[in-house]
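The values are calculated or read from the model by the stated rules, or taken from the named source; none is laboratory data. Owing to the predicted nature of the structure, the values given are computational and were not obtained by experimental measurement. Counting neighbours? That spans all protein chains shown, and the Cβs are built from the backbone with ideal geometry, glycine included. Surface accessibility is based on the protein's heavy atoms, side chains included, excluding ligands, DNA and RNA. Shrake-Rupley method; radii C 1.70, N 1.55, O 1.52, S 1.80 Å.
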Amino acid sequence: MRILVTGGAGYIGSHTVRMLEKAAEKVVVYDNLSKGHQQAVNANYFVQGDLFDSQLLAETIKKNNIDSVVHFAAFSLVGESMQNPRAYYQNNVQGTLNLLEVMLESGVNKLVFSSTAAVYGEPECVPITEAAAKNPTNVYGRTKLIMENAMADYSLAHGLNYIALRYFNACGADPQADIGEDHHPETHLIPLILQACLGKRESIKIFGDDYPTQDGTCIRDYIHVNDLAQAHVLALQALYNGKSSSVYNLGNGSGFSVKQVIEAAEAVTGQSIRKDIASRRAGDPAVLVASSEKIKAELGWKPEYQDIKSIIKTAWQWHQNNPEGFN
Ligand code: UDP
């Protein structure tokens, strides 16, 4: 396996790169560093480049004899996507179409694609299976669904073999605590809570306590980033073994409300933080919980971290060791 990882300097990308290195002949990270951190990857195999730079992409593929791609490079914030859809359509849709073009021209037809639970929107029943209706409630989810549909069409017409992985809520950090979540600005729940626990923020805002859930706050399925990373290794191996194109959910199958996550983090850190109730965030469905039975049955995926506190503990170690992130 000689793999190009776009967005490999990002949060999920860098954790996946670390696992791919153990399984692959070659791993080349291609990242424009608009969000990622070069410190998160080994410089020997790093190329700073943009998805829209077709020439550099093609050269990188050729020079390294690449035969598959794992594509993380994308914008991924629900709130931001509602305020700036243009950036999301350009980067996530046009950028990915550009990558597909270069791949096909270069004779590379294996692709693992980062998709999201946001493709489902407000689910009719939980846990959500891959067959559930897809009605995204935010622009981010729509851009990912558009690309899933495009890949299905390319698969039929141009021989692309892809696996799309629909992540639920990625969290945690490698237990070595030298790579982890570091976004600027940070918008994700668990890092924000942990920054408050470190005294770097005054409080945590709870976006809505009037949802139709037990405590009124949104319920999500939190999955450890290394368990996500492991799924990419399995997906690639399946494609190399001739598996046809497919789509899989990746979650733990249990839901936690925003309030429950805050309580769990307070228990792990031994800190108590101020909570302010704020208005709902545009585009947020009330409940997202995965059924991941399909990837367990077909690819033998088994998440290692199933307890929310043990997941938060790994994130806490990263934040304590690196209070300023990678800087
Ligand atoms: N959330 C919150 N306060 C925050 C950030 C997030 O209440 O400061 C909520 C958010 O509305 C969602 C959940 O926490 O219900 C997880 O949000 P996050 O941004 O971490 O991930 P997403 O679900 O957008 O992928």
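A count restricted to the range 278-291 and to residues that are open to solvent by 50 Å² or more (accessible area, probe 1.4 Å) and either hydrophobic (A, V, I, L, M, F, W, C) or near the ligand (Cβ under 9 Å from one of its atoms) (or both) stands at 3.
Scanning the range 145-159 for any residue that is within 14 Å of the ligand (Cβ to nearest atom) and open to solvent by less than 50 Å² (accessible area, probe 1.4 Å) turns up nothing. Against the test of being modelled with pLDDT of 95 or more, surrounded by fewer than 22 Cβ atoms within 10 Å (Cβ to Cβ) and farther than 26 Å from S81 by Cβ, the options K294, K275 yield a single qualifying residue, K294. Residues that are assigned to a loop (DSSP other than H, G, I, E, B) and aromatic (F, W, Y) within the range 289-319 comprise W301, Y305, listed in sequence order. The strands (runs of 3 or more DSSP E) found entirely in the range 160-240 that carry 2 or more residues being away from the ligand (no atom under 15 Å from the Cβ) and in contact (Cβ under 8 Å) with a residue 12 or more places away in the chain are 161-167. Within the range 71-86, the set of residues being assigned to a helix (DSSP H, G or I) and loosely packed, with under 15 Cβ neighbours inside 10 Å comprises Q83, R86. Evaluation of Y89 against the conditions (1) open to solvent by less than 10 Å² (accessible area, probe 1.4 Å); (2) out of contact with any strand residue (DSSP E or B) (no Cβ under 9 Å at 6 or more places or on another chain); (3) of a type in the set (S, T, Y) shows that the sole unmet condition is (1).
Kindly provide the set of residues from the range 107-144 that are hydrophobic (A, V, I, L, M, F, W, C), within 13 Å of the ligand (Cβ to nearest atom) and either free of Cβ contacts under 8 Å to residues at least 40 places away in the same chain or under 21 Å from I223 (Cβ atoms) (or both), ordered by number.
A117, A118, V119
Considering the range 193-214, the residues that are open to solvent by less than 30 Å² (accessible area, probe 1.4 Å) and of a type in the set (A, V, I, L, M, F, W, C) include one that is nearest to V78 (Cα to Cα), namely I206.
Is it true that V261 is open to solvent by less than 30 Å² (accessible area, probe 1.4 Å) and within 17 Å of T129 (Cβ to Cβ)? No; evaluated as a whole, the condition is false for this residue.
Every residue, every condition in (1) more than 23 Å from E105 (Cα to Cα); (2) among the hydrophobic types (A, V, I, L, M, F, W, C), yes or no:
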site: V5; (1), (2): no, yes
site: R18; (1), (2): yes, no
site: E21; (1), (2): yes, no
site: D31; (1), (2): no, no
site: Q38; (1), (2): yes, no
site: D53; (1), (2): no, no
site: I61; (1), (2): no, yes
site: N65; (1), (2): no, no
site: V69; (1), (2): no, yes
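Checked against (1) open to solvent by 40 Å² or more (accessible area, probe 1.4 Å); (2) within 24 Å of the chain's Cα centre (by Cα), G242 meets all criteria but (2). Residues that are more than 16 Å from the ligand (Cβ to nearest atom) and among the aromatic types (F, W, Y) were ranked within the range 45-88; the one that is modelled with the lowest pLDDT is Y45.
In this structure, V258 qualifies as touching a strand residue (DSSP E or B) at 6+ places or on another chain (Cβ under 8 Å) and within 13 Å of the ligand (Cβ to nearest atom). Highlighted here are the strands (runs of 3 or more DSSP E) found entirely within the range 2-68 that include at least 2 residues which are among the hydrophobic types (A, V, I, L, M, F, W, C) and in contact (Cβ under 8 Å) with a residue 40 or more places away in the chain: 2-6. Does the range 177-192 contain at least one residue that is out of contact with any Leu (no Cβ under 9 Å at 6 or more places or on another chain), over 26 Å from N42 (Cα atoms) and open to solvent by 40 Å² or more (accessible area, probe 1.4 Å)? Scanning the range 177-192 turns up no residue that is out of contact with any Leu (no Cβ under 9 Å at 6 or more places or on another chain), over 26 Å from N42 (Cα atoms) and open to solvent by 40 Å² or more (accessible area, probe 1.4 Å). The number of residues in the range 124-144 that are β-branched (V, I, T) and either in contact with an Asp or Glu (Cβ under 7 Å, 6 or more places away or on another chain) or open to solvent by 80 Å² or more (accessible area, probe 1.4 Å) (or both) comes to 1. Kindly check whether there is at least one residue in the range 105-114 that is open to solvent by 50 Å² or more (accessible area, probe 1.4 Å) and within 21 Å of T16 (Cβ to Cβ). Within the range 105-114 (the criterion being open to solvent by 50 Å² or more (accessible area, probe 1.4 Å) and within 21 Å of T16 (Cβ to Cβ)), the answer is yes, since at least one residue qualifies. Taking the criterion of being surrounded by 19 or more Cβ atoms within 10 Å (Cβ to Cβ) and farther than 21 Å from N327 by Cα, the residues of the range 25-48 that qualify are V27, V28.
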